[in-house]
């Protein structure tokens, strides 16, 4: 890779477009030069603040998301260095672009991903989300002030407004009704990974990603405390769980060699604007060959990712069943432990009772010696009646 310089970094940041390949390419370059992590974070923040369009700033936030998540295995340098710049960036976005609801919704999804995956602890996430909360409060205050101004300008419409609000909440028939329009789910979509922020590819792959994330959410929220195992339930063996986990150690998403190849693809294969520079058949044939090779590489990589998603879904199911079975065995062990605790308590009570009775018995050492000749023989039955 090319050597690091601040001028080169600024140029790359300003020319970055919101495509998966462009973001991953620059992300790999930054991770490669992670020894400059502090300077990279500072230049990133300065460049973001200098940009005018909110969409370009969102692209830099996507870049930071990719860098932070994909560099965690090699070290926490970027996740630590980006805390203050990210805090400043989030504050800037919510204060300078309060009307860009779509952009702010995308920022909210990024924060949701970090929160779910514990990229940052709760204190840092709370620090980031504080700007979102302040923005929401400000929007509510503006909405209330706008309603108040409208009521002052149109005093005769005050009652009509109340009636409209009442009809809206109760329905025109006077009975509670469901909302007439479905809510906007854009802010409630499942968080997407850094590789799928701008993913518009295979629909089946997208469905598998959503299904896998749904399975993960279900496994986290399962109530194992009240779970009852069916009679035909077959728990996974320990070896099966270990093999499934080890099989994903070298998953396609962590293949640095393939990602390096994808990141090093020439710009000509993805930028259609460069086709205008083609002026001869030889250049066109060469470009076609590059595009075909890139397509083959990406198709193979997407196929491997498809298999990985399926494997991760199976692993999530195995881990869910494994946790479910162990939770069931723990409940049984706890019940058995309670039984033995009760038995121990009963045994302790019996022991204490025996000790109390033993303490009430006479001291045998203080009794006269019955084995000596000092005492006479005991009287016979006849002696007792005659006397």
Multiply the residue gap between residue 279 and residue 347 by 0.36 nm, knock off their C-alpha separation, and tell me the result in nm, one decimal place.
14.7 nm
Quick one: length gained pulling residue 49 to residue 330 fully straight, 0.36 nm per residue minus the C-alpha distance?
95.8 nm
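Suppose R0 equals 41 Å; then what is the FRET efficiency for residue 289 and residue 38 from their Cβ-Cβ distance, rounded to the nearest 0.05? Please list the in-between numbers first.
Numbers: r = 42 Å, r/R0 = 1.02.
Given R0 = 41 Å and the Cβ-Cβ separation, E is 0.45.
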How would you rank 124-130, 271-277, highest first, on the average number of other Cβ atoms within 10 Å across their residues?
124-130, 271-277
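What FRET efficiency, computed as 1/(1 + (r/R0)^6) with R0 = 22 Å and r the Cβ-Cβ distance, is obtained for residue 144 and residue 105, rounded to the nearest 0.05?
Details: r = 22 Å, r/R0 = 1.01.
Efficiency, rounded to the nearest 0.05: 0.50.
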On a full-extension model of 0.36 nm per residue, what is the gain between residue 137 and residue 267, subtracting their alpha-carbon distance, rounded to one decimal in nm?
42.4 nm
How would you order 254-265, 80-91, 348-359 from highest to lowest mean count of nearby Cβ atoms within 10 Å?
80-91, 254-265, 348-359
Inter-centroid distance (Cα atoms) of segment 73-106 relative to segment 1-40, Å
17
Roughly speaking, what is the centre-to-centre gap between segment 250-308 and segment 317-348 when only Cα atoms are used, to the nearest Å?
56
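Just so you know, all these numbers are worked out from the coordinates, no wet-lab data involved. Note that the structure is predicted; figures quoted are calculated from it, not measured. With ideal geometry, Cβ positions are generated from the backbone for all residues, glycine too; neighbour counts draw on all protein chains shown.
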